[in-house]
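Contents: one structure, followed by commentary.
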Amino acid sequence: MSTTVREAGRWPISGAFALILMATLVAYFPALTGDFLWDDAGHVTHPSLQSWSGLGRIWFEVGATQQYYPLLHTAFWIEHRLWGDATTGYHLVNVLWHATSACLLIAFLRRLAIPGALLAGLVFALHPVAVESVAWIAEQKNTLSTVFYLTAALAWLRFEDDRRPGRYAVASLWFLAALLTKTVTATLPAALLVVAWWRHGRMSWRGEVRPLLPWFGAGLGAGLVTAHLEATQIGASGADFALGGIERVLLAGRVVWFYLGKLLWPADLTFFYPRWTIDATIAWQWLFPMAALLLLAALVWWRRRDRAPLAAALLFGGTLFPVLGFVNVYPFVFSYVADHFQYLASIGMIAFLTAGATRGFARLAWPRWSGPALAAAVLMILGTLTWRQSGQYRDVFALYESTLARNPSSWAAHLNLGTAWDDAGEPEKALPHLQQALALKPGRPETLNTLGNVLNRLGRASEALPLLEQAVRLQPRFAAAHNTHGAALMTLGRADDGIAAFRRALDLNPKLTPARVNLGWALGNQGRVAEAVAQFEQAHRLQPELADVEFKWALILALHDRVAEALPHFERAVALQPDNPEARHALGRALLAFGRNAEAAAHFQEALRVAPQHAGARAGLERLGRRHPNAP
C-alpha cells in the first residue's frame, strides 16, 4: 500500500472525484430507481409546502417539517421543483453528495498529511454501512450535512493558517449550514479540538478553544431544539425511553462496540436491528462499558508514543455521542442502533484504519504491486457488498422482507410490510404481518390502527372495533385512529357515532384529508348534501390531486340526482386515477344519462380491462348492445 500512498499524492482532486463518483454510481446502481420508503414522505416536500410561501414556512415555521432542518428541506424543495416525485433524481443527488464527501475527506486528510487519503475516500464511498444513508432518500440529511461538515473543517484549517477574520466567517457559515441540515454535526468543534491536540500535542485557549466557543454555543442550541422536537413532535418519549442513568451507560458501551464491529466486519447489515434489553442485573452487559474504559485508558497511556489511536477513538466516540443513548431519539423505539447513525462517525475511524494499514504495509518487504492489488481487492469486496445491500432499497417489499429474514422479531418490519401490502390493495397479505406486529409489540396504537383499518377493508369491522377503541383509549389525540374508528362504526350501522369520530379526528388534525372525505361521505349518505359538499371542498383545497375526494364528491351528488354537477368530478377522478375500475364505471353511467353512449362504452371497456369480472361495467356494455372485446 506504500505504492497506493505515492500514487494517491499524484491524483488531482478532480480525478479522485471522477473515480469515486463512477465507483459509487456502480455500487449504488440497484437503488437508483428505488421507490420512496418508510418516512420519505415526511421529507420530500409536502404539497402544502411546494409553493414559494411554503419555502418561507420551511424556514420560519417550526413544525412545518418533521424536524427543523430548513436547509435540508430547502434542498428537497428545489429538487421537487426540478423532478417532482421521480425518485431517481433524489437517489442521484444522494450519491453525488456521498461522493463529494468522500473527496472532501481526501482533501482534508491530504491537508493534514495523513497517508492513504485516496484509499480512505474510496473506503468511505464504498463501505456498506453507508448504504442506509445513501440509498434511503430521507437520509439526504446525512449525505448533505456531511458535505457541509467537511467543508467547514477544511475552511477551519485555512483559518488556522493566518487567522484572518474573513476565513473564520466562511468556516462559521459552513458550520451553520451543517447544523441547519442535521444537528449531529454539532460535534464538529469538539472534533477540531481533537485534531488540534493530535497535531500539536496541546490545545491553545487563544488559538483553538476560544474561537470555537461560538460554534459550541450554536451546536448546543441546535441540539436542544432537535431534542425538544424529538420529544414533543416526533414522539421520543414514554415507556420505550424509560432508561435510568446506569442503563444508559451500559447501552452506550454496547453501542460503541456494535458500530466498530460493523465497520470492521460489515456482515448481516439490516434496516431494523434487534432491540436489546438493557438490564444492569445481567453481568455480561457490564463488559461493554468496562472494555471501552480499559481501551480508553490504554490509549491514554499509549499517547506518549502515538496520539493517533486516542484521537481516532475520541473522534469516533464523540461523533457518536448524540446516538449513544444519553439523549432520546425516536428510532430507539425500533432499535438502539442503525447504520445511518454512524455515517458521520465512520469517517474518522476509516481515516485512522486506512492510514495505519498504509504505514504498516509499507514496512513489509512485499512486491510493489501487492499494495495496490490488496487495496483493490478490499475495495472490490466493499463495493460488492454495497451493491448487494443497496438492492434491498429498491422498494418497501424488498427492504422489509430482507429485514425480516435477518431479524424475524422486528415488529416494526412486520408493521411496515403489512402497511405496504395494505397500501398496495392486498389486505389479505397485510393481515398476518400486522397480527404478528401486534403480538410482538402489544398495545401499540399505530399497529392497532393499521390492523383495524385492514380488518375494515376485509369486511370484518366487528373485529376491528375493539382494536380501534383500544387505540384511541391509549392515545386519545391519535387523529388517524379516530378516523379509522369512525369507519368501523359506519360499517356497523352506527352513523351518528361514526360522524362524531370523524369530527373528533378533524378537531385533532384539520388537515387529515381522509377523515374529511369520510365525514363528507357520511353526511351525504344522511341527505345532508350541502354539509357534505363543504367537506369535499375543504378536502380538495388540502389535496387537489387526490382522486378519492373527487370520486366520493361525485357519488354523493349523483345519488341525489345532481348528475350534471357530478360529471366533472367523475371525469377528474378518472383523470387522477385512470386504473380505478369503479371510477370508470361510475363515469360511464353518468355519461349514459346524457346520451353520450360512445364515451360511456369506452369507459366500461376500460373498467373491464382493469377488472375483467366487473359486473357493473359488463352490464353497462350489454345495455348498449356491445360486448367487451375480451368477453368469451
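The values are calculated or read from the model by the stated rules, or taken from the named source; none is laboratory data. If you're wondering where the values come from, they're calculated on a predicted model, not measured in any experiment. Reconstructed Cβ throughout: ideal geometry from the backbone, glycine too, with neighbour counts over all protein chains shown.
Quick look at the numbers
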quantity: Meets criteria (buried (at least 16 other Cβ atoms within 10 Å of the Cβ) and either in contact (Cβ under 8 Å) with a residue 24 or more places away in the chain or in contact with a Cys (Cβ under 9 Å, 6 or more places away or on another chain) (or both)) for LEU455; calculated: yes
quantity: Flag for ILE234 being in contact (Cβ under 8 Å) with a residue 24 or more places away in the chain, in the same structural domain as ILE278 (by TED's automatic domain parsing) and surrounded by 16 or more Cβ atoms within 10 Å (Cβ to Cβ); calculated: yes
quantity: Extreme residue, surrounded by the most Cβ atoms within 10 Å (Cβ to Cβ), among residues of segment 411-429 that are in a loop (DSSP other than H, G, I, E, B) and not hydrophobic (A, V, I, L, M, F, W, C); calculated: GLU426
quantity: Residue check, ALA357 touching a helix residue (DSSP H, G or I) at 6+ places or on another chain (Cβ under 9 Å), within 15 Å of TRP198 (Cβ to Cβ) and crowded, with 21+ Cβ neighbours inside 10 Å; calculated: no
quantity: Residues located in segment 480-494, provided they are more than 21 Å from THR513 (Cβ to Cβ) and touching a residue at least 24 places away in the same chain (Cβ under 8 Å); calculated: LEU492
quantity: Within segment 1-20, considering residues that are surrounded by fewer than 17 Cβ atoms within 10 Å (Cβ to Cβ) and closer than 26 Å to LEU364 by Cβ, the one modelled with the highest pLDDT; calculated: ARG10
quantity: Test result for VAL147, within 19 Å of the chain's Cα centre (by Cα), among the hydrophobic types (A, V, I, L, M, F, W, C), within 30 Å of VAL396 (Cα to Cα) and surrounded by 24 or more Cβ atoms within 10 Å (Cβ to Cβ); calculated: no
quantity: Qualifying residue in segment 222-244 (condition: of a type in the set (Phe, Trp, Tyr), modelled with pLDDT under 95 and closer than 17 Å to ALA338 by Cα); calculated: yes
quantity: Only one of ALA345, ALA351, ALA311, ALA338 that is under 20 Å from LEU118 (Cβ atoms), at pLDDT 95 or above and within 32 Å of the chain's Cα centre (by Cα); calculated: ALA351
quantity: Residue count, segment 42-78 (criterion: buried (at least 17 other Cβ atoms within 10 Å of the Cβ) and in contact (Cβ under 8 Å) with a residue 24 or more places away in the chain); calculated: 15
quantity: Selection within segment 365-410 - farther than 19 Å from ALA267 by Cβ, in contact (Cβ under 8 Å) with a residue 60 or more places away in the chain and part of a helix (DSSP H, G or I); calculated: GLY371, PRO372, LEU374, ALA375, VAL396, TYR400
quantity: Filtered residues of segment 180-226 (kept if of a type outside the set (D, E, K, R), within 23 Å of PHE316 (Cβ to Cβ) and outside any helix (DSSP H, G or I)); calculated: THR181, GLY201, MET203
quantity: Residue check for SER390: within 30 Å of VAL123 (Cβ to Cβ), of a type outside the set (Val, Ile, Thr) and crowded, with 20+ Cβ neighbours inside 10 Å; calculated: yes
quantity: Qualifying residue in segment 88-95 (condition: closer than 15 Å to LEU382 by Cβ, assigned by TED's automatic domain parsing to the domain that holds LEU188 and either touching a Phe, Trp or Tyr at 6+ places or on another chain (Cβ under 9 Å) or assigned to a loop (DSSP other than H, G, I, E, B) (or both)); calculated: no
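Each row is one residue, and each column tells you yes or no for (1) over 30 Å from GLN389 (Cβ atoms); (2) not hydrophobic (A, V, I, L, M, F, W, C).
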residue	(1), (2)
SER133	no, yes
ARG167	yes, yes
SER172	yes, yes
ALA190	yes, no
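Okay, residues lined up against (1) in a helix (DSSP H, G or I); (2) farther than 16 Å from GLU446 by Cα:
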{"site": "ALA464", "(1), (2)": "yes, no"}
{"site": "ARG477", "(1), (2)": "no, no"}
{"site": "ASN483", "(1), (2)": "yes, no"}
{"site": "LEU489", "(1), (2)": "yes, yes"}
{"site": "GLY493", "(1), (2)": "no, yes"}
{"site": "ALA500", "(1), (2)": "yes, yes"}
{"site": "ARG504", "(1), (2)": "yes, yes"}
{"site": "ASP507", "(1), (2)": "yes, yes"}
{"site": "PRO510", "(1), (2)": "no, yes"}
